[in-house]
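Before any comments, here is the structure.
The values are calculated or read from the model by the stated rules, or taken from the named source; none is laboratory data. Source: prediction; values computed, not measured. Here the Cβ positions follow ideal geometry from the backbone for every residue, glycine too, while neighbour counts run over all protein chains shown.
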Ligand code: PLP
């Protein structure tokens, strides 16, 4: 038989996260490997979606999203960041940030284009780039601050570079890019005429007084920055699949056409629910989120320290990379399996966030869990001590 799978399948088959979830279910463990938040959905968001279903708003919407949602997104950018966005020409609502990113890559990258990716990275970014025919080029972030140097970034640029991909606050490191770092990325992007793709899905999960800075807010960067974000995490609605792109109208048009081609539109009544949430929940809701998750982070990191899994304390997002050099096993996969079998808590092997065998002394835990689940995980982790 000479028929077979496409070469593209290599980009989607291996997922350590999926594998650990399966192993976790087999062991009856607590799954801290996946980034699924268990916190309640705000009542206004639920009521908005339920009301829209009851009112019969169940049909296709405009491919770029319902007007009230785009207006609410623009309103958020104005009130939180002082950034003016045209809701009719510069916003595309898509099937989650994941769908949004795929549309962006389809619209703006050609096969073979190089995109700088900071490592440790979020696996979907790399797989989506590869599935789009682009080539990720890696720049290492060095612990403990997950910092990078200007020379390292500049050295990665070639005539084939088309973009730099930023994820702030970042998964898996919890890194929040500083003003200097964003400034440096902006300088490099302008000098070499590059796009900056920035995944800001964790923009409302910030600790220790950290501030969210988007490359789009830098001088002269608005036209070349493609912001991707969404409501999965902010409203705990990962299964609703609502994300969006904010960018210059020159790019939004084509991104919207790909969104139409792949998804037609994001789920109609769920768009209405998150629009209601964005309109009625403001800064105090976002502040409350950060406070709630900061408390979870502190409690969880304290236990990690106690049991010898020294954490790289995150300044944003809701993951923590922990040092497993004291855990038996040669690879991060063996170490994650040891932790699962001994303590009954699943994590993601660090190698899932590196392209070349890095991360062997790291595992990633997600602390976006209900307090009782997190407490149980902490109790179990103490079996390692
Ligand atoms: N971007 C990052 C960095 C993530 O960690 C995740 C989920 O874990 C997503 C995007 C997925 O977002 P969405 O549910 O909106 O597709």
Could we say that residue 304 is in contact (Cβ under 8 Å) with a residue 40 or more places away in the chain, surrounded by 15 or more Cβ atoms within 10 Å (Cβ to Cβ) and in a helix (DSSP H, G or I) here? yes
Which one of 126, 85, 139 is closer than 27 Å to residue 154 by Cβ and touching a helix residue (DSSP H, G or I) at 6+ places or on another chain (Cβ under 6 Å)? 139
Here are some conditions: (1) buried (at least 21 other Cβ atoms within 10 Å of the Cβ); (2) in the same structural domain as residue 34 (by TED's automatic domain parsing). Residue 273 meets all but one. Which one does it not meet? (2)
Yes/no for residue 256 being outside the structural domain of residue 297 (by TED's automatic domain parsing) and farther than 19 Å from residue 86 by Cβ: no
Consider the range 164-208. How many of its residues are within 16 Å of the ligand (Cβ to nearest atom) and at negative phi? 24
Within the range 55-103, tally of residues that are more than 16 Å from residue 278 (Cα to Cα), part of a loop (DSSP other than H, G, I, E, B) and within 16 Å of the ligand (Cβ to nearest atom): 1
Can you say whether residue 110 is within 16 Å of the ligand (Cβ to nearest atom) and either farther than 30 Å from residue 339 by Cα or in contact with a strand residue (DSSP E or B) (Cβ under 9 Å, 6 or more places away or on another chain) (or both), as far as the supplied structure shows? no
Members of the range 133-157 found to be more than 16 Å from the ligand (Cβ to nearest atom), free of Cβ contacts under 8 Å to residues at least 60 places away in the same chain and touching a strand residue (DSSP E or B) at 6+ places or on another chain (Cβ under 6 Å), listed by number: 134, 135, 137, 139, 148, 152, 153, 156
For residue 118, work out the one condition from (1) buried (at least 24 other Cβ atoms within 10 Å of the Cβ); (2) out of contact with any helix residue (DSSP H, G or I) (no Cβ under 6 Å at 6 or more places or on another chain); (3) closer than 27 Å to residue 269 by Cα it doesn't fulfil. (3)
Consider the range 217-257. How many of its residues are surrounded by fewer than 21 Cβ atoms within 10 Å (Cβ to Cβ) and within 16 Å of the ligand (Cβ to nearest atom)? 4
Provide a single number: the residues in the range 25-48 that are closer than 19 Å to residue 96 by Cβ and more than 16 Å from the ligand (Cβ to nearest atom). 3
Of everything in the range 104-134, what is farther than 27 Å from residue 364 by Cβ and outside any loop (DSSP other than H, G, I, E, B)? Give them in sequence order. 106, 107, 108
